[in-house]
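Each reported figure results from applying straightforward, stated rules to the coordinates on display, with no laboratory input. Predicted model only: the values in this text are computed from it and were never measured. Cβ atoms come from the backbone with ideal geometry, glycine included; neighbour counts cover every protein chain shown.
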Amino acid sequence: MKYIPLFLIAFTLFSCGGNSSETDDDVLSTEVDSALINSRVDKAKKVFYSIPSPYETALIFESSGVGFNIGLLNPIDNVSNYSTSTKQALNFGVYGADLSYANIFDQSQQCMFYMNCAKKMADELGITAAFDVETIERIERNLNNRDSLMNIINDSYWIADSHLKENQQDYLSALSIAGGWIEGLYLGSAGLKKEKPSEPIMKAIADQKYAMESLIELMELYDHEETIKLKEKLLVIKASFDKITVSSTSTSVSSNENVAVISGGSSLQYTPEIIFEIAQNIKTLRNEIIE
């Protein structure tokens, strides 16, 4: 089963409707709003599906000899430092990524710590229902069950996203997506060693080129000061991703013991220097978010 990184599922999904007394202008406005909502959903999904699941990330770490490193996570003491809704939304995503990371490596105690941090951010954002008493109890009962815990985390972030949209604060969902993506990429790139960079990790980072583009497009759909600011910072990282080129080869089909083999397609071309540049830019932005 493929597990979904919940901290990235803050899709901008909410319904629009009307009544029989709508004017033509009302109908037109609703159609425009619906088109915008659908566009936001599409962009969010592109980011979501472009990012490796926690399970896939764990396999990359394992194959590269990278283990759990608590020093990489946003310190739990930082949770009381975030006083604005922007910081809270970004770090809601960050702490969600850290929670999933701890869960990947079966770090039960750290899961509780980072669940409490995510709950704190949810409470500050007015989405207390995401981590209510019943949810906390379910988490405590399943601390040693990675699969069940991931599902509970998944449910909690869906609830949080729904509440943000009900309060017409869906731009905060977009910031949460960004915070989770940035933290996830930071955690992945932190495992790189300059003397002998892991090819699987470098490839996983390079593959985020497409998610990077979709994330910026998602930010552009919100005419909000904070999403505009974040987009400008993401463009710096995109400039590094733009150095990764895409090469295409012709597609051919061959037969091998009655099995059709398809070869060709496109591949990403990069150097270790480009990947390390991306990693450094991600680290800079991530540290700015958690400070």
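Some points to look at:
- Computed from phi, the 3J(HN,Hα) profile of the stretch 179-187 under the Karplus parametrisation 6.51, -1.76, 1.60 (θ = phi - 60°) reads x, x, 5, 4, 5, x, 5, 4, 4 Hz, with x in place of Gly and Pro.
- Our summary gives the stretch 67-125 a relative contact order of 43 percent, counting only alpha carbon pairs under 8 angstrom and 6 or more residues apart.
- For the residue pairs 203/243; 203/231; 209/231, the C-alpha atoms sit more than 20 angstrom apart in 203/231.
- Label point distance in nm, residue 137-residue 284, each placed 7 Å from Cα along Cα→Cβ: 4.9 nm
- From phi via Karplus (6.51, -1.76, 1.60), per-residue ³J(HN,Hα) for the stretch 81-98 in Hz, x at Gly/Pro: 8, 9, 9, 9, 5, 5, 5, 5, 5, 4, 7, 4, x, 4, 5, x, 5, 5
- Gained length - residue 80 relative to residue 235, 0.36 nm times residue gap less alpha-carbon distance: 52.9 nm
- Residues whose amide H lies under 5 Å from that of residue 221, counting only those 5 or more places away or on a different chain, are absent; hydrogens are built 1.01 Å from N in the peptide plane.
- The string of couplings for the stretch 196-213 from the Karplus curve (6.51, -1.76, 1.60, θ = phi - 60°) is 8, x, 6, 5, x, 5, 4, 5, 4, 5, 4, 5, 6, 3, 6, 5, 4, 5 Hz, one whole number per residue in order, with x for Gly and Pro.
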